[in-house]
Amino acid sequence: MISSCSILLRKFYQRSSLGFPLSSVQDHVSKIQHGLDTADLILTTGGTSMGLGDLLKPVIERDFEGTIHFGRVKMKPGKPTTFATIPNKKAARGRHSTPIFALPGNPASALVTFYLFVVPALRKLGGWKPDRCQLPRIRVQVSSIYPPSSDDGSIDDPSSFPDSGHNALGPETGIPPRRSARRR
């Protein structure tokens, strides 16, 4: 997993690797079963594609009679994030199921979803006070629309943005700036 997630897990939690499953249902089943036997929470990265390549969700449902609570989230990065629970008589602290988080394989997506979904769950499982489980939230008020746009709705050249400091696109990079990208 990504280094900052690994550092957090290494510092505060006991962890073990289930290894990389091969592209077979039976290998997924054996890895998940090992996780159920040894862990309070299962965390995976990759393997949560949105199509036929996604073996994890069917294995959770069919082989373990698990419940997929969500298999996609409406955010980018992180769309294929999955959260499920699997019935487990060996679950810790009197629970009857083991939570499983399946994060996307893209490192940026995995990092974002780790902090938004997994960290609060780990804190809750660790007995933190409820008001300390979530990441800090702040209120903001938008005072202006950025980037500035022209009257025709096109976005101005990034080098003309106020306080931009530099233009990452241009002759020195060989990539010309887009002059009239439409807003979506």
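What follows draws every value from the coordinates through simple rules; no lab data is involved. Model, not experiment: these values are computed from the prediction. Every residue, glycine among them, receives a Cβ derived from its backbone with ideal geometry; neighbour counts consider all protein chains shown.
Judged by the mean number of other Cβ atoms found within 10 Å, the most tightly packed of the peptides 98-107, 26-35 leads the ranking 98-107, 26-35. Among Arg139, Arg95, a tally of other beta-carbon atoms within 10 Å of each Cβ gives an order, fewest to most, of Arg139, Arg95. A simple spin-label model places the labels of His96 and Ala121 2.0 nm from each other, with each point 7 Å out along Cα-to-Cβ. Here the label points at Lys74 and Ile138, each 7 Å from Cα along the C-beta direction, are separated by 2.7 nm in the simple model. Distance between the modelled labels on Asp37 and Ser23, one decimal in nanometres: 2.8 nm (7 Å Cα→Cβ projection).
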